[in-house]
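Read-outs: derived from the displayed coordinates by stated rules, not from any lab. Since the model is a prediction, treat every value here as computed from it, not as a measurement. FYI the Cβ positions are ideal-geometry reconstructions off the backbone, even for glycines, and counts take in every protein chain you see.
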Amino acid sequence: MLKMIPKSHPRYSSLRQRDLLLEGYKAGATSIAGLIAFGRGEAFDYLLGEKTPKSALPAIEASAALLLTAEKPVISVNGNTTVLCPRELVELASTLGAKLEINLFYRTEERIKVIETLLRRNGADKVYGARPDTEVAGLESERRRVDSKGIASADVVFVALEDGDRTEALVKSGKKVIALDLNPLSRTAKTADITIVDNIIRAVPLLIETVKKLKHTDKAELEKIVSNYDNQKILKSAVTEIQRSLKKSSTQ
Ligand code: PTJ
């Protein structure tokens with residue numbers, strides 16, 4: 001389908017993402033509900049002018065600092081995130097020395113296999129999630145099923161395109177959660193310790209760049225970045241940026 005879209009099209013990036021999702025669905029990686037979830041994200045991205053909002057930058061810096069100070073960081077992936085940026089998620093995990101774990105809301109063994117193959121084709125070595133041996137307390141969905149060597153023992157978990165239930169359960173279990181969500185009003189966004197309000201396809205490359213930049217920074221300095229970070233303030237700024245963008249386009 002992508003072949004039919006000229007690169008000069010003003011909304012090429014958005015149409016390319018749709019295409020990745022559709023191909024991901026046909027390949028068995030993305031759930032059908034994932035296509036709907038993507039549509040909701042796309043609407044928020046439209047309101048943000050399809051560019052990284054300023055408020056995402058401190059969140060990306062704090063996320064990089066928290067991930068670099070973590071002892072057992074885990075990058076949690078699902079059907080949407082894997083088809084949108086598999087190479088970048090693998091690079092993020094390897095740059096950090098973090099584990100990659102597949103965790104699905106609409107979990108089927110077939111989807112796990114397809115997603116694992118996709119991640120391996122994009123350079124992943126070890127991928128967790130195919131053989132969950134424990135559960136996240138207080139969670140009833142399929143997302144509760146995790147690996148004791150992965151998410152269950154992690155101190156920091158990065159989640160993207162997520163439902164609020166798991167974020168809440170992970171926070172309650174004492175983990176630090178970094179969420180990536182285009183919707184600053186979502187339960188996930190409000191519950192996480194750090195929320196990056198941006199499209200995953202733009203934010204993950206920025207996060208990798210920031211991790212590389214901060215990699216040799218003192219631990220005390222990184223901890224200072226994290227403790228100075230205020231998620232409520234950042235979420236409010238993201239909403240203000242959406243309001244401004246709406247005002248601007250309605251007066252044009
Ligand atoms: O692969 P599975 O089975 O784990 O299913 C995953 C989905 C995405 C279906 C599941 O987690 C779900 O239903 O998610 P929600 O509750 O619809 O939430 C998804 C959130 O991600 C929404 O707040 C969207 O605004 C946001 N979102 C969608 N696309 C993007 C995004 N955020 C960042 N980048 C995107 N490209």
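Looking at segment 1-58, which trypsin sites (Lys or Arg not before Pro) are in a loop (DSSP not H, G, I, E or B) and have at most 13 other Cβ atoms within 10 Å? Each step should come with its number before you reach the end.
Details: sites: Lys3, Lys7, Arg11, Arg16, Arg18, Lys26, Arg40, Lys51, Lys54; in loops: Lys7, Arg11, Lys51, Lys54.
For trypsin sites (Lys or Arg not before Pro) across segment 1-58 that sit outside H, G, I, E and B with at most 13 neighbouring Cβ atoms in 10 Å, the list reads Lys7, Arg11, Lys51, Lys54.
DSSP beta bridges confined to the chain are antiparallel in about 10 percent of cases.
Which of the trypsin sites (Lys or Arg not before Pro) found in segment 209-245 are loop residues per DSSP with 16 or fewer other Cβ atoms within 10 Å of their Cβ? The qualifying sites are Lys215.
Going by the alpha-carbon gyration tensor, a ≥ b ≥ c the square roots of its eigenvalues, is segment 100-252 rounded (a/c under 1.5) or, if a/c is not under 1.5, prolate (a/b greater than b/c) versus oblate?
Numbers: a/c = 1.62, a/b = 1.44, b/c = 1.13.
Since a/c reaches 1.5 and a/b is larger than b/c, the shape of segment 100-252 is classed as prolate.
The mean sequence separation of alpha-carbon pairs under 8 Å and at least six residues apart, normalised by the residue count of the chain, gives a relative contact order of 24 percent.
Here the contact order of segment 11-99, divided by its residue count and restricted to Cα pairs under 8 Å and six or more residues apart, works out to 38 percent.
Rounded to the nearest 5, the antiparallel percentage of DSSP beta bridges internal to segment 72-207 is 10%. With the gyration tensor restricted to C-alpha atoms of segment 125-198, the semi-axes of the equivalent ellipsoid amount to 21, 13, 11 Å, longest first. If you plug the beta carbon distance of Ser250 and Asp163 into 1/(1 + (r/R0)^6) with R0 = 45 Å, you get a FRET efficiency near 0.90.
Holding the Cα-Cα limit at 27 Å, pick out from Lys172/Lys212; Lys26/Lys54; Lys54/Lys248; Lys51/Lys213; Lys215/Lys248 the pairs that are longer than that. Provide the component values of the computation, followed by the final result.
Details: Lys172/Lys212 30 Å; Lys26/Lys54 35 Å; Lys54/Lys248 16 Å; Lys51/Lys213 22 Å; Lys215/Lys248 38 Å.
In this structure, Lys172/Lys212; Lys26/Lys54; Lys215/Lys248 lie more than 27 Å apart at Cα.
Placing a label point 7 Å from the Cα of Asp155 along the Cα-to-Cβ direction, the residues of segment 64-93 whose backbone N falls under 12 Å from that point are 66-74. Note on Lys126: aspartates and glutamates with a C-alpha under 16 Å away, same-chain residues under 8 apart excluded, are Glu88, Glu91, Glu101, Glu116, Asp147. Over what distance in Å are the Cα centres of segment 28-104 and segment 113-135 separated? Going from one Cα centre to the other spans 16 Å. Each helix, a run of at least 4 DSSP H residues, gives -39500 (n - 2.57); summed and divided by the residues of the chain, these come to -17000 deg cm²/dmol at 222 nm. Assuming charge only on the beta carbon of Lys and Arg (+1) and of Asp and Glu (-1), the dipole of the chain about its Cα centre is about 600 debye to the nearest 20.
Cross-link reach is defined here as a Cα-Cα straight distance under 16 Å, omitting same-chain residues fewer than 8 places apart; for Lys190 the aspartates and glutamates meeting it are Glu162, Asp163, Asp165, Glu168, Asp181, Asp198, Asp230. Sparsely packed loop sites in segment 1-103 (the GluC sites (Glu not before Pro) outside DSSP H, G, I, E and B with at most 12 other Cβ atoms within 10 Å) comprise Glu71.
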